[in-house]
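Novice: Would you mind keeping the following structure in view while I ask a few things?
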Amino acid sequence: MNPGPVVAQPPAAQNPVARPVELTIGDVARRTGVTSAVLRTWETRYGFPEPRRLASGHRRYTGADVELVRHVLRRRDAGIRLEVAIAEATAGLQPASPSIFAELRRRHPALAVHRLRKSTLIALSWAIEDQCCAVADRPVLFGAFQRGDFYAPSAARWTELARVARSAIVFADDWDRVPQDADGPLRSGLDEDAPLRREWAVVCDAPDSTACLTAWELPGQSPVADRHRLFETIWTVDPAAVRDASRVAAAVAVSAGIAEARPLLYELAEPVAARTTSPAAVTALFNRVVAYVDRLS
């Protein structure tokens, strides 16, 4: 029996994909009881909840965002500080901004960006590392090295840093050829598409001393000698900017499965204590930078 001609269905009819229902900020406010103004404040201060932005700039949320806000409210009602509740709610998620460089550009647009060679970045990194060892009281440290073999020449320095730090974590894409030091920092791998695979970073976050260097390698430099590779670079001692860098690094470590980073992420959700960086501290760091740049030039 001839069943007759088969009528082809358009792709959408063959395999329909349900698009998540998108909500306005007013919808989220009505469903959670948190006002639109408070939601905007949370987004500015904590990066939560993270909406999708339309071309017009309007925010759009999903039902999952509503559930996360409700979770934060339940934890807050149970006596948990708001910052910690938000960190708990987002710790298991892929970080919204898994790039230290991009996060500082987004949250601190006034920070100057410079194009520097790798040799100059080494000098800046050594200066920040030395200053942390000299003055910081049990800092939280992060280092991004792109590749394990780039980390290897700095392994001895970071072992010393780990001994004075409360926590030290380094990132690279391949650790197989770098011997593990039991006294060294925790090592976090990076996914193939991780932004940190193209970034350089040194972050020192302590109650009495802060400094951060982050740099993004410009593309198309395969024929360039290693020491002369160019990076767009930001460096700062602003405690708020350094804390933002620390939060991104901790979130990336949690996403990579570093269990020790999870309580650290909660701790870094705390707002930075108001303070000013003394001119003497800035001068000391600047003097170290000049000395190393002169030595490596």
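The values are calculated or read from the model by the stated rules, or taken from the named source; none is laboratory data. All values reported here derive from a predicted model rather than from experimental measurement. Cβ placement follows ideal geometry from the backbone for every residue including glycine, while neighbour counts extend to all protein chains displayed.
Novice: Can you confirm whether Ala240 is under 19 Å from Arg106 (Cβ atoms), surrounded by fewer than 18 Cβ atoms within 10 Å (Cβ to Cβ) and at pLDDT below 90?
Specialist: Criteria met by Ala240.
Novice: Moving on to the next point. In segment 136-153, how many are of a type in the set (Gly, Ala, Ser) and more than 12 Å from Val202 (Cα to Cα)?
Specialist: 3
Let's see how each residue does on (1) surrounded by fewer than 21 Cβ atoms within 10 Å (Cβ to Cβ); (2) within 24 Å of Arg288 (Cβ to Cβ):
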residue: Phe101; (1), (2): no, yes
residue: Val135; (1), (2): yes, yes
residue: Leu141; (1), (2): no, yes
residue: Gly148; (1), (2): yes, no
residue: Ala156; (1), (2): yes, yes
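Novice: What tally of residues in segment 166-183 results from selecting those that are surrounded by 13 or more Cβ atoms within 10 Å (Cβ to Cβ), at pLDDT below 90 and among the aliphatic types (A, V, I, L, M)?
Specialist: Of the residues in that region, 1 qualify.
Novice: Please determine, by comparing only the residues of segment 35-69 that are surrounded by fewer than 15 Cβ atoms within 10 Å (Cβ to Cβ) and basic (Lys, Arg), which one is farthest from Ser99 (Cα to Cα).
Specialist: Arg40
Novice: OK, next. Between a first residue in segment 38-67 that is assigned by TED's automatic domain parsing to the domain that holds Thr24 and within 15 Å of Arg107 (Cβ to Cβ) and a second residue that is assigned to a helix (DSSP H, G or I) and at pLDDT below 90, which pairs have beta carbons less than 7 Å apart while being 6 or more apart in sequence or on different chains?
Specialist: Tyr46/Glu83; Tyr46/Ile86; Phe48/Ile86; Phe48/Thr90
Novice: I'm checking my understanding of the structure. Among residues of segment 106-127 that are basic (Lys, Arg) and modelled with pLDDT of 90 or more, which one is surrounded by the fewest Cβ atoms within 10 Å (Cβ to Cβ)?
Specialist: Looking at the filtered set, the residue picked out is Arg115.
Novice: Also: Which of (1) in contact (Cβ under 8 Å) with a residue 12 or more places away in the chain; (2) within 24 Å of His114 (Cα to Cα); (3) loosely packed, with under 15 Cβ neighbours inside 10 Å does Asp208 not meet, given it meets every other one?
Specialist: (2)
Novice: What about Pro95, is it surrounded by 15 or more Cβ atoms within 10 Å (Cβ to Cβ) and either under 14 Å from the mean Cα position of the chain (by Cα) or modelled with pLDDT under 90 (or both)?
Specialist: Yes; evaluated as a whole, the condition is true for this residue.
Novice: Residues to consider are Leu218, Leu230, Leu213, Leu186; find the one that is closer than 20 Å to Gly148 by Cα, surrounded by 22 or more Cβ atoms within 10 Å (Cβ to Cβ), touching a residue at least 24 places away in the same chain (Cβ under 8 Å) and not small (Gly, Ala, Ser).
Specialist: Criteria check complete, one pass: Leu213.
Novice: So, one more: Just one of Val224, Val248, Val242 is among the β-branched types (Val, Ile, Thr), free of Cβ contacts under 8 Å to residues at least 60 places away in the same chain and either in a helix (DSSP H, G or I) or in contact with a strand residue (DSSP E or B) (Cβ under 6 Å, 6 or more places away or on another chain) (or both); which is it?
Specialist: None of the others qualify; the one that does is Val242.
Novice: Only one of these is on the phi < 0 side of the Ramachandran plot and part of a helix (DSSP H, G or I): Arg197, Arg177, Arg187. Name it.
Specialist: Arg197
Novice: Starting from residues that are within 16 Å of the chain's Cα centre (by Cα) and among the charged types (D, E, K, R), keep the ones in segment 104-119 and report whichever is nearest to Glu199 (Cα to Cα).
Specialist: Arg105
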